[in-house]
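Single-structure report; data block below.
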Amino acid sequence: MFSRWSIGHRGWVALALLLLTLGLSATVVRIVKKYQTPGLTDGIHEGLVDFHNGVFFPSLALVNGDSPYGSRYAAEYPVSRQIPFFSPAIVALHVPLTFLPLRVAEVVYFVVMVLLVLAISAQSLLAAGLEKRLDWLLMIAAGIVFSRAGHVTLFNGYFTFELVLATIVAVRFADSRPFLAAIALVIVSAKPTFILPLGFLMLARGNIKPLVLGAVMSIVAAALPLAWLAHHEGDGDLGKGLVDIRQQIADAQEVHHNEPNELPALSWTRVDIFAIYAKWTNQDPGDTTHLIVMLGIVVFPMAVLHIRRRQGVDDGVAGLTGAIIMTAMIVSLYRQSYDVLLLAPPLVGIVGRNLAFWRSLGAGTRIVLAMMMIFPAYNYLSTQMVLGKADFLEGMIKTVTSLNAIVMVILLIWLCILACKDNRSLKIPR
């Protein structure tokens, strides 16, 4: 991936390497100090907690033929609870890690996460049509590591970077390399809350082929490990096993929704707009309501993307098109603060000014748009560490934890208005 890259400015390379090393080192130190011994989570020691609960032990259970969605798994494995409805495909993807001792797997996975940060940075740089320069690449990577979104992902060990990179690849190569985009969509399908809004938005964009290929491949990728689990859960009776797993998933979702940081009224991490509405009205809407609201929210961005497609206007994942898709995904359905890394490509596009649309905007407009994209990723006020120590009034807490979503909604509306005013045919960098 890094062949034929120039070094760029050596001073900037040195500074970027220093910042990246400091950020990664500080994260490693915090992981060691706050390491979560596999088992029940105490809310304090959360170093690699999501790696244990959402990556390693669910995959180990799959290898053993135990359903990671069931209460028996939660009781017999050193985890806090069963996993919510992640696709069995993502569980199977992490199976190779289970052949390593846990400590070795933790180190390997952390290295993989760092490589994924570099890959996200590279894809963002290339999508923005900028030169292949290591100084720029490392600066973007350092920016991700120091962001709240990047740090918490590295610290907790969640598979956010995998989802973000796959989403970027799916949007970037949907037209030029549909098979590659379809493979990326298989990874995105790990979380229904990711694939549903992305699927609708790509449909409006006219990306039919990768969507169809991705759907078929996702079904196959999920069906194989699911059949394996069903065979074991049903003691050889596949039908009985599937029925049992279906009930386990429903129960797991109930457990998941009862987690304090998942409830909209209590969460300080949610950045989707409906969660903010629920916070201020003290409601606890169900999954069906979330889906209906999602459809209502993405209708306008879908209409904008459809019109742009018919006009032949599409500047890719780092342009206005990508900014609309990524922001709509963040706003529309059940999104956590770490998911704002989806905005990395359009942010690099704005800063790089190599794409025609961003270059056409005034400096002030670009600066404000960039600051809005950056804000949720660096809003450290809306963290448990700050909120737990500061003497905030209840209303102030709600305000602070609502700002991310409010900024994202305003950004989405603004981007769609800008798109309605733009009718130029734009070339996508390859």
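Here are a few things to note about the model shown:
- Unique residue being surrounded by fewer than 19 Cβ atoms within 10 Å (Cβ to Cβ), within 23 Å of the chain's Cα centre (by Cα) and at negative phi when the list is Val91, Val79, Val28: Val28
- Residue pairs whose Cβ atoms lie under 8 Å apart, separated by 6 or more positions or on different chains, with the first residue in segment 197-213 and within 19 Å of Val313 (Cα to Cα) and without any contact (Cβ under 8 Å) to a residue 60 or more places away in the chain and the second crowded, with 16+ Cβ neighbours inside 10 Å and polar (S, T, N, Q), do not occur.
- Taken as a whole, the condition of being more than 18 Å from Pro197 (Cα to Cα), at pLDDT below 90 and of a type in the set (Ser, Thr, Tyr) applies to Thr383.
- Conditions (1) more than 19 Å from the chain's Cα centre (by Cα); (2) modelled with pLDDT under 75; (3) over 18 Å from Ala75 (Cα atoms); (4) surrounded by 13 or more Cβ atoms within 10 Å (Cβ to Cβ); number of the one not met by Gly286: (4)
- None of Arg81, Arg103, Arg72 is in contact with a helix residue (DSSP H, G or I) (Cβ under 7 Å, 6 or more places away or on another chain) and either in a loop (DSSP other than H, G, I, E, B) or not hydroxyl-bearing (Ser, Thr, Tyr) (or both) except Arg81.
- Flag for Val271 being within 29 Å of Leu130 (Cα to Cα) and either aromatic (Phe, Trp, Tyr) or surrounded by 19 or more Cβ atoms within 10 Å (Cβ to Cβ) (or both): no
- Under the condition of being in a loop (DSSP other than H, G, I, E, B) and out of contact with any helix residue (DSSP H, G or I) (no Cβ under 6 Å at 6 or more places or on another chain), the residues counted in segment 49-66 number 0.
- Whenever a residue of segment 41-52 is on the phi > 0 side of the Ramachandran plot, its partners that are assigned to a loop (DSSP other than H, G, I, E, B), lying with C-beta atoms within less than 7 angstrom and at least six residues away or across chains, give the pairs Leu48/Gln36; Leu48/Gly157.
- Cross-chain or 6+ apart pairs with Cβ under 8 Å, segment 229-248 first and at positive phi, then surrounded by 13 or more Cβ atoms within 10 Å (Cβ to Cβ): Asp235/Gly241
- Scanning segment 353-371 for residues that are in a helix (DSSP H, G or I) and of a type in the set (Lys, Arg) yields a count of 2.
- All conditions but one from (1) in contact (Cβ under 8 Å) with a residue 24 or more places away in the chain; (2) closer than 22 Å to Gln336 by Cα; (3) crowded, with 21+ Cβ neighbours inside 10 Å; (4) not aliphatic (A, V, I, L, M) apply to Phe85; the one that does not is (3).
- Per the listing Leu125, Leu130, the residue uniquely more than 24 Å from Leu196 (Cβ to Cβ), in contact (Cβ under 8 Å) with a residue 24 or more places away in the chain and not in a helix (DSSP H, G or I) is Leu130.
The values are calculated or read from the model by the stated rules, or taken from the named source; none is laboratory data. In this text, all values refer to a predicted model and were calculated from it rather than measured experimentally. Cβ sites come from the backbone with ideal geometry, for glycine too, and all protein chains shown count toward neighbours.
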